[in-house]
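Below is one structure; the comments refer to it alone.
The values are calculated or read from the model by the stated rules, or taken from the named source; none is laboratory data. Not measured: the values here are computed from a predicted model. Ideal geometry is used to build each Cβ from the backbone, glycine not excepted, and the neighbour counts take in all protein chains shown.
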Amino acid sequence: MLQRVQTIFLLLVGISMILMLFFPIWEKEARGQDQGGRITLDAFQQKFVQANTHEDNNNTGEAESKPTFYIAILAILAASVATISIFKYDNRLTQIKLGALNALLIASVMGTSLYMTMNSEKIIDPTMQGSYQIGFFMPVAALIFNLMANRFIRRDEKLVKSVDRLR
């Protein structure tokens, strides 16, 4: 049945992972004589814009971009698994397995995002810290929603087994 509470949690997992694609994950802006610039990391690319050091020209300088599309692929896979799990409501054991797979995918999204932010920290002014944006926290929310959905799926499975035992 689609009106169960775990359906709402699985839907929130999918929405969180899709929203991650549209928000930045991490940003850092440094101003200095040697290494000024701005780095932005999102699910598709790491963009570094180096600031000009000339006083007469305040425009931004050249931009370098490094693809990080594998974060986006993992996020889309996690959203797809959550959507598939919604429609597998008649087989709760399959839903539990898909939930475990989804937890693994979401954890890998979080791990690769963290790895990329650690590598991006070193590019300009390692003494300053960048700031995590909303895209970084979306997988955390998705993982919590996934854990809640799995909890309610297991609770339904226990309820069905206890009713079968009474027959």
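Output the residues belonging to region 28-46 that are at pLDDT 90 or above and surrounded by fewer than 18 Cβ atoms within 10 Å (Cβ to Cβ).
Within region 28-46, Phe44, Gln45 qualify.
Quick one: how many residues across region 118-167 are more than 13 Å from the chain's Cα centre (by Cα) and either acidic (Asp, Glu) or in a helix (DSSP H, G or I) (or both)?
So the count comes out to 25.
Taking region 73-128 as the region of interest, how many residues are farther than 15 Å from Leu41 by Cα and aromatic (Phe, Trp, Tyr)?
Residues that pass the stated criteria total 2.
Please determine, by comparing only the residues of region 86-114 that are touching a residue at least 40 places away in the same chain (Cβ under 8 Å) and among the aliphatic types (A, V, I, L, M), which one is farthest from Met17 (Cα to Cα).
Looking at residues that are touching a residue at least 40 places away in the same chain (Cβ under 8 Å) and among the aliphatic types (A, V, I, L, M), I get Leu93.
Filter region 84-103 down to residues that are surrounded by 15 or more Cβ atoms within 10 Å (Cβ to Cβ) and polar (S, T, N, Q) and give me whichever is farthest from the chain's Cα centre (by Cα).
Looking at residues that are surrounded by 15 or more Cβ atoms within 10 Å (Cβ to Cβ) and polar (S, T, N, Q), I get Gln95.
Of the numbered conditions (1) assigned to a helix (DSSP H, G or I); (2) surrounded by 15 or more Cβ atoms within 10 Å (Cβ to Cβ), Tyr115 fails exactly one; give the number of that condition.
(2)
Given (1) β-branched (Val, Ile, Thr); (2) modelled with pLDDT under 95; (3) crowded, with 16+ Cβ neighbours inside 10 Å, where does Ile106 come up short, assuming only one miss?
(2) is the only condition that Ile106 fails.
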